[in-house]
């Protein structure tokens, strides 16, 4: 098509004007556009609908407001102990709270306020043996705390700070409603970094990481837990605590996506006792149990592979008094079903001492109900009295029924268990180790930690002490000589 020169100029001029107008219009929505090779190109900024929503197109949760609300309830806990530091690692599981070094032990952990009067929940291992506990609030204020109560079996503790106004207690949820795959977040102090937030999902429930502890019932999560998180809250999207972070599985001591939290429903049972009495009183049944698998279920003519199979009945126990028998399968205790053998210890422990309950069991293929009066659980590992023999460089505790089982000793064994030995001490030089059972001091037997202390009192500071030690299936005499110099 042929255009005259004036027309062509007019067309080009109009096109230029239109281009400038479009550039100005688009410039309102763009930050910048590269004009030379190598310059970054920033995409146009798109305003969100309403200007307030942070939820992306995938519908992932927005934690910002939740974290802002919860942070004032989460605290930093630092402790100091006069005891020497020691690292305990069992089967790859690590307590994610402690920095270790030689000399006085110091630890760093987390906790959360659950009562406006200053009561705080944390882990037993965070405050264990602490000579001083300091709580730092979200605003940076520090307060020395008092240990109110602690329970080694469930790794729970309650501490308290005084004379603090405006504390914001956190809400407690119901861990039984947690579903695998549900979003959760943790708030704590990993590596001393205050109020660090991590998010993840519930990976599993009902995990047992220590086969010797019948009260293990952990929530597993991939929300990052690192040293310093221990004792902090595991929170659901409603802002409620559903667990207390306590351990990680790691070969290096750092997070690899496998962390464990104590269900808050367990804390609901334990914390009121710690707050009121400083310790936990548990019910006792008096049986050793094992799981019921498909083969056992078939051989016992059971309708399903469930319940707790009685493998042993302890003498002079409530179970023995009620004539519970080896081979019975307990399927219900005090109107609570026992789907797995691991459920029974927790159910029994939560039952009031002295209460008469109905135990439903299957014996010889027939279902029957037996009345049982619940007894009081005797002190076990972590709760027994501990005696420190400072001059000898060792600590011992009572030999309980639970420890007898753990150490593989014969029923009715007596003595005291060595719980720690100081490096270079007289006890160390004599060859004593944690786990040894001291049956005699001098030429007399010992029955308890208090009795052990009484027997030592007859020896002077410069006298050697002869002890009979059981180690596994062997017994041997050892002479603990007084410290030199």
From the option list 422, 462, 439, single residue qualifying as crowded, with 16+ Cβ neighbours inside 10 Å and more than 33 Å from the chain's Cα centre (by Cα) is 439
When restricted to 318, 272, the only residue touching a strand residue (DSSP E or B) at 6+ places or on another chain (Cβ under 7 Å) and farther than 18 Å from residue 365 by Cα is 318
Restricted to the range 348-367 and to residues being surrounded by fewer than 12 Cβ atoms within 10 Å (Cβ to Cβ) and assigned to a strand (DSSP E or B), the residue modelled with the lowest pLDDT is 366
Only one of (1) in contact with a helix residue (DSSP H, G or I) (Cβ under 7 Å, 6 or more places away or on another chain); (2) part of a loop (DSSP other than H, G, I, E, B); (3) without any contact (Cβ under 8 Å) to a residue 40 or more places away in the chain does not apply to residue 169, and that is (3)
query: Within the range 271-285, can one find any residue that is at pLDDT 90 or above and over 24 Å from the mean Cα position of the chain (by Cα)?
result: yes
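Please go through the range 116-131 and give me each residue that is over 30 Å from residue 403 (Cβ atoms) and modelled with pLDDT of 90 or more, ordered by number.
117, 118, 119, 120
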Among 345, 339, the single one that is out of contact with any strand residue (DSSP E or B) (no Cβ under 7 Å at 6 or more places or on another chain), modelled with pLDDT of 85 or more and assigned to a helix (DSSP H, G or I) is 345
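Per-residue answers, yes or no, for (1) at pLDDT 90 or above; (2) in a loop (DSSP other than H, G, I, E, B); (3) surrounded by 13 or more Cβ atoms within 10 Å (Cβ to Cβ); (4) on the phi > 0 side of the Ramachandran plot:
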site	(1), (2), (3), (4)
370	yes, no, yes, no
381	no, yes, yes, no
397	no, no, yes, no
405	no, no, yes, no
411	no, yes, no, no
Over the range 126-151, the set of residues crowded, with 22+ Cβ neighbours inside 10 Å and not in a strand (DSSP E or B) is 126, 127, 130, 145
When every residue in the range 288-308 that is at pLDDT 90 or above and touching a strand residue (DSSP E or B) at 6+ places or on another chain (Cβ under 6 Å) is compared, the one farthest from residue 353 (Cα to Cα) is 307
The residue that is surrounded by the most Cβ atoms within 10 Å (Cβ to Cβ), considering only those in the range 290-329 that are closer than 27 Å to residue 153 by Cα and touching a helix residue (DSSP H, G or I) at 6+ places or on another chain (Cβ under 6 Å), is 308
Filtering the range 427-485 for residues that are assigned to a loop (DSSP other than H, G, I, E, B), free of Cβ contacts under 8 Å to residues at least 24 places away in the same chain and closer than 16 Å to residue 395 by Cβ leaves a count of 1
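The values are calculated or read from the model by the stated rules, or taken from the named source; none is laboratory data. Since we're looking at a predicted model, the values are computed, not measured. Cβ coordinates were reconstructed from backbone atoms using ideal geometry, including for glycine residues, and neighbour counts include every protein chain displayed.
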